[in-house]
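Just so you know, all these numbers are worked out from the coordinates, no wet-lab data involved. Here the structure is a predicted model, which is why all the values come from computation and not from measurement. When we count neighbours, we look across all protein chains shown, and the Cβ atoms used for this are built from the backbone with ideal geometry, even at glycine.
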Amino acid sequence: MSSELKSHWNNAYKKDDSQLGWFEDYPKQTMKLVAQTKLPKDAKILNVGAGTTTLIEALLDAGYTNLIANDLSENALEKLQFRIKKSHNYDLNGVVDDLTNPEILNQLESIDLWIDRAVLHFFLTENEQDTYFNLITKLVSKNGFVLIAVFETNGAKKCCGLDLQRYNVTMLETKLGPDFELISTFNYSFINPFGGERPYIYTLFKRQICN
């Protein structure tokens, strides 16, 4: 399945960014929650399922200096790294790895901010979801933050031709467990490049205890 998905996403990222259904010119909602963390500018920030996101530019423009981008698609990360090097002369640390079967990500340490905008909802089985949330528990540091934005329960049932598991706040709280306190949440309807409305739920959690 991982090989099939890798091929699926590599093909998807052959398109221009503006032709991707999840493309944002500027990730305003995500940056709003990042600002609430009040983390120092050298905090270690991991963006999972990054694709070719404009979030990396936004974080660099805000002064953050310790960024890691993850995706299953090497095509996406290569495009992202090239663009960031050209625009900001920044050597972005890109990690090609599967969040549902991590081999490299699980070797990282002390992540201060985990950011996921629209990857969690692609994991349909309980095993995939448990692996994802166990990785958060393993990596996120004491007093670290988890920012998750996913399709809410009345959102689209598919994205990029794939079925989705949609979420509400209670579901995310349950999956993360008592070590993570909900700091902020809001609903947001994203209008994609083709005019489609995509209801999201944005959440920010803070870890309360040591790993």
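A compact table of results
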quantity: Prolate/oblate/rounded label for the chain (Cα gyration tensor, a/c 1.5); calculated: rounded
quantity: Dipole of the chain [Lys/Arg +1, Asp/Glu -1 at C-beta], most positive-end residue of THR131, ASN101, THR185; calculated: THR185
quantity: Longest site-free stretch - the chain; sites: trypsin sites (Lys or Arg not before Pro), DSSP loop, at most 14 other Cβ within 10 Å; calculated: 42-156
quantity: Nearest-20 debye value, region 2-207 charge dipole, Cβ charges on Lys, Arg, Asp, Glu; calculated: 460 debye
quantity: Cut-off under 5 Å, modelled amide H: who pairs with ILE183 long-range; calculated: LEU204, PHE205, LYS206
quantity: Label point distance in nm, ASP42-ASN154, each placed 7 Å from Cα along Cα→Cβ; calculated: 4.7 nm
quantity: Estimated vicinal HN-Hα couplings, Hz - region 82-99 in sequence order (Karplus 6.51, -1.76, 1.60; Gly, Pro = x); calculated: 4, 5, 5, 4, 6, 7, 10, 6, 10, 8, 6, 6, x, 10, 7, 7, 9, 5
quantity: Phi-based couplings in Hz for region 173-181 (Karplus 6.51, -1.76, 1.60; Gly and Pro marked x); calculated: 4, 5, 5, 6, x, x, 6, 10, 9
quantity: Exposure proxy ranking, count of Cβ atoms within 10 Å, fewest first, for TYR26, TYR167; calculated: TYR26, TYR167
quantity: Over the chain, relative contact order from alpha-carbon pairs under 8 Å, at least 6 apart, %; calculated: 19 percent
quantity: Subset of LYS85/LYS175; LYS15/LYS142; LYS15/LYS85; LYS14/LYS206 violating a 32 Å alpha-carbon distance limit; calculated: LYS85/LYS175; LYS15/LYS142; LYS14/LYS206
quantity: Distance between modelled label sites at GLN208 and ILE191, nm, 7 Å Cα→Cβ extension; calculated: 4.0 nm
